[in-house]
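What follows is a set of notes on a single structure, which appears directly below.
The values are calculated or read from the model by the stated rules, or taken from the named source; none is laboratory data. These figures come from a predicted structure and were not determined experimentally. Here the Cβ positions follow ideal geometry from the backbone for every residue, glycine too, while neighbour counts run over all protein chains shown. Ligands, DNA and RNA are stripped out before the accessible areas are found, and what is left, the full protein with its side chains, is counted by its heavy atoms. Shrake-Rupley method; radii C 1.70, N 1.55, O 1.52, S 1.80 Å.
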Amino acid sequence: MNRLPPLPALHTFLITAQHCNFTRAAQQLHITQGAVSRQIAGLEAHLGYPLFQRQARGLALTREGQDWLPRVQQVFALIQEGVREVGGRSATLQLKAPTCVMRWLLPRLMEWQALRPDVPVELTTTVQHGVDFRREGFDAAVVYGEAPNHGLQVRKLFDEQLTPVCAPALLEGPLPLRQLQDLDRHMLLHPSRDEHDWRLWLQAAGANFEPRGPRQHFETLDMAMAMASQGTGVAIGDWALIGDDLRSGRLCMPFGLKVMTGKRYDLVSPGKTMPAGLAQLIDWLEERAKL
């Protein structure tokens, strides 16, 4: 029977193939570049064919290396799934989510912890909108963007729907906000520096002008909403994420139009099965998103 290649060498191949660079692979593996090179050379000697082509500007996978990569990825994904399912990993569920969804997610997780203290959740926030379960040790994640299509278990939370919002007092203040042209007299609050959300909404609303009034940019949706609730200006936000603010009266919608962007928020998890506590949390969050 043929002797199997050593698992550490396969892991080194996987990381090196992701970077196609010995130096960056060594940095991620916390070993020397020479050690990476020796492990790859040993694996190639064991298999009897090269996995990489050495080039002036880095590495490129050979045909055999390209054939090997998805198989090695599958092996390590199965190992990670086994660790999670058989060993239980941790009693605390590890959840990752982008900062843009915190306004909706955090109150619901606090509610969950009050209802189910036996299923604690540790939340990690990030500016990233995706997740790579092969490299990140999370049980589940909220992701933002297009519908995921890479073999994950996916539960849709809601579609992104953009709409302007402001403090109720702004509607009937010294500069009433009643029609599109009135936006020209108010500060526009942008939750990002590219101003894409406002431009998209104005185009859908049929605005035939470019707002010339003052504008303020923020790094997060939360900051923009906080300023809007104080009557500073008019912000653009995702209707689903700011529903609590609208229901409480902290914010209101000066215009009825909500614009679908084609992007969405999903709950994703790896593997075909999941711990009971995680399945219950995902079911519960999915139901809360429908309210």
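Residue farthest toward the positive end of the dipole of region 7-87, with Cβ of Lys/Arg at +1 and Asp/Glu at -1: which of Phe76, Ile15, Gln33?
Farthest towards the positive end: Gln33.
Through the Karplus equation 6.51 cos²θ - 1.76 cosθ + 1.60, θ set to phi - 60°, convert the phi angles of region 187-201 into ³J(HN,Hα) values in whole Hz; use x for Gly and Pro.
6, 8, 9, 10, x, 8, 7, 7, 6, 5, 5, 5, 4, 4, 5
Which of the chymotrypsin sites (Phe, Trp or Tyr not before Pro) across region 180-276 are loop residues per DSSP, with 12 or fewer other Cβ within 10 Å?
Phe209
So how strong a dipole does the chain carry about its Cα centre when Lys and Arg Cβ are +1 and Asp and Glu Cβ are -1, to the nearest 20 debye?
660
Restricting to Cα pairs below 8 Å that are 6+ residues apart, what does the relative contact order work out to for the chain? Please round to a whole percent.
Rounded, it is 21 percent for the chain.
If you roll a 1.4 Å probe over the chain with all protein chains in place, what percent of the accessible area is carbon or sulfur?
The value for the chain is 53 percent carbon and sulfur by accessible area.
If R0 is 51 Å, what FRET efficiency do you get for Arg116 and Asn21 from their C-beta distance, rounded to 0.05?
Efficiency computed from Cβ-Cβ geometry: 0.70.
Would you mind checking region 56-76 for residues with the amide N under 16 Å from a putative spin-label position 7 Å along Cα→C-beta of His150?
Output list for this probe position: 69-76.
Mind running the shape call on region 160-261? Use the C-alpha gyration tensor, a ≥ b ≥ c as the square roots of the eigenvalues: rounded below 1.5 for a/c, prolate if a/b tops b/c, oblate otherwise.
Taking the square roots of the gyration eigenvalues as a ≥ b ≥ c, region 160-261 is rounded.
Compare Ala167, Ala207, Ala147 in a GNM of the chain, Cα atoms joined below 10 Å, and give the one with the largest fluctuation.
So, out of Ala167, Ala207, Ala147, the one fluctuating most is Ala207.
Show log10 I(q)/I(0) for the chain at q = 0.07, 0.10, 0.12 Å⁻¹, two decimals, from a solvent-free Debye sum over equal Cα scatterers.
-0.40, -0.71, -0.88
Which angle between 0 and 90 degrees, to the nearest 10, do you get for helix 102-115 versus the longest principal axis of the chain when only C-alpha atoms count?
80
I need the trypsin sites (Lys or Arg not before Pro) found in region 113-214, filtered to DSSP loop residues with at most 13 other beta carbons within 10 Å of theirs.
Passing both the DSSP loop test and the Cβ count: Arg134, Arg135, Arg178, Arg193, Arg212.
How large is log10 of I(q)/I(0) for region 1-140 at q = 0.10, 0.12 Å⁻¹ when the intensity is taken from the Debye formula with one equal scatterer per alpha-carbon?
Cα-only, vacuum Debye calculation for region 1-140: -0.49, -0.65.
Whole number in Å², please: accessible area per residue of the chain, 1.4 Å probe, ligands, DNA and RNA not counted.
The answer is 53 Å² per residue.
Could you give the size of the charge dipole of region 7-87 about its Cα centre, using +1 on the Cβ of each K and R and -1 on the Cβ of each D and E, expressed in debye and rounded to the nearest 20?
Using only the charged Cβ atoms, the result is roughly 300 debye.
Can you give me the solvent accessible area of His196 with a 1.4 Å probe, rounded to the nearest 10 Å²?
Here the residue's solvent-accessible area equals roughly 90 Å².
Could I have the simple spin-label model distance between Met253 and His217, label points 7 Å from Cα toward Cβ, reported in nm to one decimal?
Those two pseudo-labels are separated by 2.8 nm.
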